[in-house]
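> Structure below; questions to follow.
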């Protein structure tokens, strides 16, 4: 993991999806978390699958060019019965993993319950609670939207927390 010369760690959180992929860029300086950017990359269902995946990849590269990350965190996915939705999201997730690998990162894969735990202190928190806490932690005047971008910010925050925990374990704390 890289830190800039100023000691700031920049995390890129990604909420994968084929139609809408959320991203959030959060920096940590000491104990402070700073929201640098968030948004979504949308693809049209009218495009071919390969064109949609290419659009996601190009969009992520543009975000990384403007905000070079020191780590990448992505939501670990679980699906029930909707195989079609799962297949589309897994394909988008593959693009995210390729993107991270090409940046030289093994992404932190974080379960939704772990994101909720890291952000709210409770793994069963509701979406509105998570969004409110993300706004509070990042000093935002209102809850971030759309939902995919808010989720990506939460994933970035959780990635920073998990990374810090992992580093402390390695140091023997």
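> Taking residue 25 as the residue in question, decide whether it is over 16 Å from residue 98 (Cα atoms) and surrounded by 22 or more Cβ atoms within 10 Å (Cβ to Cβ).
Taking the combined requirement at face value, the residue satisfies it.
> Being at pLDDT below 95 and either in contact with a helix residue (DSSP H, G or I) (Cβ under 9 Å, 6 or more places away or on another chain) or surrounded by 13 or more Cβ atoms within 10 Å (Cβ to Cβ) (or both) is the requirement here; does residue 8 meet it?
Answer is yes for this residue.
> Could you pull out the residue among 26, 63, 72 that is under 20 Å from residue 133 (Cβ atoms), in contact with a strand residue (DSSP E or B) (Cβ under 9 Å, 6 or more places away or on another chain) and touching a residue at least 40 places away in the same chain (Cβ under 8 Å)?
Of 26, 63, 72, the one residue that is under 20 Å from residue 133 (Cβ atoms), in contact with a strand residue (DSSP E or B) (Cβ under 9 Å, 6 or more places away or on another chain) and touching a residue at least 40 places away in the same chain (Cβ under 8 Å) is 26.
> Name the residue that is nearest to residue 158 (Cα to Cα), counting only residues in region 18-45 that are in a loop (DSSP other than H, G, I, E, B) and at pLDDT below 95.
Checked region 18-45; the qualifying residue nearest to residue 158 (Cα to Cα) is 31.
> If a residue must be surrounded by 11 or more Cβ atoms within 10 Å (Cβ to Cβ), in a loop (DSSP other than H, G, I, E, B) and more than 16 Å from the chain's Cα centre (by Cα), how many such residues does region 46-82 contain?
Summing the residues that are surrounded by 11 or more Cβ atoms within 10 Å (Cβ to Cβ), in a loop (DSSP other than H, G, I, E, B) and more than 16 Å from the chain's Cα centre (by Cα) in region 46-82 gives 2.
> Which residues, counting only those in region 127-142, are within 24 Å of residue 89 (Cβ to Cβ) and surrounded by fewer than 16 Cβ atoms within 10 Å (Cβ to Cβ)?
If the condition is that a residue be within 24 Å of residue 89 (Cβ to Cβ) and surrounded by fewer than 16 Cβ atoms within 10 Å (Cβ to Cβ), then 127, 128, 129 are the ones that fit.
> When the residues of region 119-143 are filtered to those that are in a loop (DSSP other than H, G, I, E, B) and in contact (Cβ under 8 Å) with a residue 24 or more places away in the chain, which remaining residue is nearest to residue 23 (Cα to Cα)?
140
The values are calculated or read from the model by the stated rules, or taken from the named source; none is laboratory data. Please read all numbers here as calculations on a predicted model, not as lab measurements. Positions of Cβ are generated from backbone atoms using ideal geometry, with glycine treated the same way; all protein chains shown enter the neighbour counts.
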